[in-house]
Amino acid sequence: MNTVYFFLGVIITIVIGNSFIIFADSDSKLIYSNWVLIINSLIAVGLSGIILIKDKDREEGKVGKVEKANILLAVGLIFWFIANIIWAYYELVLDIVSPVPSLADIFLLSAYGFLICRLTIVYRKIGYTTNKKFLFLIVSGTGLFLIYILNLTLENTETSNFRGLMLFVVTVAYPTLNSVLTVLALMILIGIKNERHHFIPWICELVGLLAIVIGDSWFAIIVLTTFVEQLWMSALLLSAHYLLIAGGLIWYLRYVIKWHSKGLIFKIATKLNNANHKVLFASIIFASSLIFAGLYFTNVFSIFESNDFIINSNHVNSNEDQGKKEFVVGAILPFSGSLSSIGKSVKIALENAENDVNKHFEEMNSSSHFKLLMADSKTSPEESLVAIKKLHDNGAKIIVGPATSTAVSAVKEYADTNNIILISYSSTSPLLSIKGDNLFRLVPDDTYQGKIIAQRMINDGIKVIVPFWRSDIYGNELYNSTKSNFERLGGKVEEGINYHPYTGKFATSLHRINFIMWNQDLEKLSEIVSDAVMKYGVHSVGVYIISYDEITPILIQAPLYGMLEKVRWYGSDSIAQNHHITKNIDSAMFAMNTNFTNPLYSISNETEESHALEKELEKKLHEEGSITYPAIAYDSYWISALSLDKNSTILSDKENFSKSFKELVVETAESFGGMSGRIELNAAGDRIGGNYDFWIVGKDKDTQSYEWKKENNLR
């Protein structure tokens, strides 16, 4: 086989394999990365197994060094394969942070022992002595690289306790061991440079090891660059590493192992070798291009259908049901991104609302029928604008959402310009309370929440708070409201930390790199808290945090700083009942130990529908979640549908009705008695008044699992 064709084939295979990850949606990259790593490592394991089976040159009862090296390679690859399965189980099935060190770490690090031993055996067998100057140059360069990685990691890691120390050790262990493998492979490569058939496999292995060195050192690249959201690129390198090893093993099987002519693989390989190489290569390129294009469009359309734009399958198509007046109700939901924890539950609530609304109109013998269209905001202002344009193009004149104030701010101008009504179920920033616009919010703005949480902290004896909040329209305004109310009540607010949140998956990732990235903010927070405790006493100081789903990695990492666990913590409505906190033991324990208290708008109206929705959420999500935002979203859909129906009546009878669509929405909302209780709107279209519950994390006595508990409902 021509060497050029071989390497081009390996490169094409890597590109095709990694295209699953490259073209996946940002929140789906984790799923594809795990699957690609498992499949590619399995391919390498399978080829190493074939080598063991086909190598018939061993004498009976005696294992030579070369054969032993092949056994060690197979064992090392098997351990890596098992580790990839365990990682996928942690990340995809359990959705929890792995221990440090984890079972996956044990298999991964154990594999290095077999692989280093294998390379040592091979190096001794070739009997080549590396030039001392060249060897010194290799070792020195590798040493400087490792010192740099060690220093950079040490600067960003807390090592004063066991967990922090183990996190540091495990983080630097991988690039260190990979570097050892790389040096040994390079020394072997130099020793066999004149043996072509042995040289090619070692080229593949060396390049593969270099790829894994960079992949396992990705932390340094993230720290030094702006590639924070490109954590998935590490998976591309690790995936390429397995395929490069597999390519080397294929070459080894073809030219080094002695085959028997009866073997099926031998016959296939012989035919391929005798074929016209140019025709064969052209065929491979053509087939690969088709596969690559297929993967691209499959991924693109799959992502579009599953995340970006969803048409509820429960509706009846107006073309099939003659005589129906069909209306579109749009919805912008955070299916992905840093507030994805509420996306699924709100989706279920809206689907229930659609069914109940259509059932209601059918029972009234009405010709009106309502169709739910949903789009993913990805908790991003840019994607929210894309979402509202898609919904508008598909006929949505009234939209439930978006969820966050940042997203609402991004789409508000487009909604006002195109006469689109927005009914948000969770946006609370006071900056969006504007009279006469097209935005209605069925939750009170944060001037209420600021008063509630400030009063609660004063009642608990907190005299000083250290704020830690996300710098966006939601976090900044809630912080300002709480600060002014707390100071008005006689409290003191320290300078605190104002962090700039990431909009993608990395912000909420349970990857160890993300934990290390939070260390600098947490270390600074710990210093401020320590100073405040020295001045005012531990029982008078509290931490007040405003965040989205990134709260989980923050709470997981916070115990590394002992002072942070000695004071009480308070949070916001965006944190209350977040199931990621209770699912991960470290974050749940920290929340319970600090009596982490979070306010949440209270849904006090107990109805048959609300109980049914609560049970369905538990059934479909397999966890107890917040009913607040799903219930408000449910009411939002009803108000949207009823308003559209009334507006249709007005358009057909303009002589007797003269109300605008916005006036109809207000009238409908204030006369509607839904799951969330009575609705009264102020001049800016925001809900007035209402009560707040306080939620903390507790441990169930029967199941010993961590759960969110309303304070007046603790067991």
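The values are calculated or read from the model by the stated rules, or taken from the named source; none is laboratory data. Keep in mind that this is a model prediction, so the values were computed, not measured. Backbone-built Cβ (ideal geometry, glycine too); neighbour counts: all protein chains shown.
Every test in (1) of a type in the set (G, A, S); (2) out of contact with any strand residue (DSSP E or B) (no Cβ under 9 Å at 6 or more places or on another chain); (3) at pLDDT 95 or above is passed by G436 save one, and that test is (3). If the condition is being within 29 Å of I585 (Cβ to Cβ) and not in a helix (DSSP H, G or I), then the stretch 130-175 contributes N156, T157, E158, T159, S160, N161. Only one of the listed residues (Y548, Y634, Y544) is surrounded by 22 or more Cβ atoms within 10 Å (Cβ to Cβ), under 27 Å from the mean Cα position of the chain (by Cα) and in a helix (DSSP H, G or I). That residue is Y634. Among the candidates T406, T379, the residue that is at positive phi and either in contact with a Pro (Cβ under 8 Å, 6 or more places away or on another chain) or acidic (D, E) (or both) is uniquely T379. Check I528, I497 and return the single one that is farther than 20 Å from M589 by Cβ and within 26 Å of the chain's Cα centre (by Cα). Going through I528, I497 in turn, the sole match is I497. Taking the stretch 418-531 and the strands (runs of 3 or more DSSP E) fully enclosed by it, no element has 2 or more residues that are acidic (D, E). The test for being outside any helix (DSSP H, G or I) and of a type in the set (S, T, Y) holds for S574.
Within the stretch 670-715, the set of residues being crowded, with 17+ Cβ neighbours inside 10 Å, out of contact with any Lys or Arg (no Cβ under 9 Å at 6 or more places or on another chain) and of a type in the set (A, V, I, L, M) comprises just one member, M675.
In the set (1) without any contact (Cβ under 8 Å) to a residue 12 or more places away in the chain; (2) crowded, with 20+ Cβ neighbours inside 10 Å, the condition left unmet by G436 is number (2). Does V75 count as assigned by TED's automatic domain parsing to the domain that holds V170, surrounded by 15 or more Cβ atoms within 10 Å (Cβ to Cβ), outside any helix (DSSP H, G or I) and of a type outside the set (S, T, Y)? Judged against the criteria, V75 is not a match.
Conditions tested, residue by residue: (1) of a type in the set (D, E, K, R); (2) closer than 25 Å to K390 by Cβ.
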{"residue": "E413", "(1), (2)": "yes, yes"}
{"residue": "G436", "(1), (2)": "no, no"}
{"residue": "D460", "(1), (2)": "yes, no"}
{"residue": "D472", "(1), (2)": "yes, yes"}
{"residue": "E477", "(1), (2)": "yes, no"}
{"residue": "E495", "(1), (2)": "yes, no"}
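Every condition in (1) among the hydrophobic types (A, V, I, L, M, F, W, C); (2) part of a loop (DSSP other than H, G, I, E, B); (3) surrounded by 19 or more Cβ atoms within 10 Å (Cβ to Cβ) holds for A387 except the one numbered (2).
Return yes when T226 is at pLDDT 80 or above, farther than 30 Å from F6 by Cβ and either touching a His at 6+ places or on another chain (Cβ under 8 Å) or of a type in the set (S, T, Y) (or both) and no when it is not.
So T226 does not fit the description; no.
Within the stretch 331-351, the set of residues being under 12 Å from K371 (Cα atoms) and not hydrophobic (A, V, I, L, M, F, W, C) comprises E351 only. A search for C-beta distances below 7 Å between a residue of the stretch 664-690 that is farther than 16 Å from S643 by Cβ and assigned by TED's automatic domain parsing to the domain that holds A349 and any residue that is aromatic (F, W, Y) and buried (at least 17 other Cβ atoms within 10 Å of the Cβ), counting only pairs 6+ apart in sequence or on different chains, returns M675/Y634. The one condition from (1) surrounded by fewer than 18 Cβ atoms within 10 Å (Cβ to Cβ); (2) in contact (Cβ under 8 Å) with a residue 60 or more places away in the chain; (3) of a type outside the set (D, E); (4) under 18 Å from P175 (Cβ atoms) that Y112 does not meet is (1).
With respect to the conditions (1) surrounded by fewer than 16 Cβ atoms within 10 Å (Cβ to Cβ); (2) modelled with pLDDT under 85; (3) β-branched (V, I, T), I11 lacks only one, and its number is (2).
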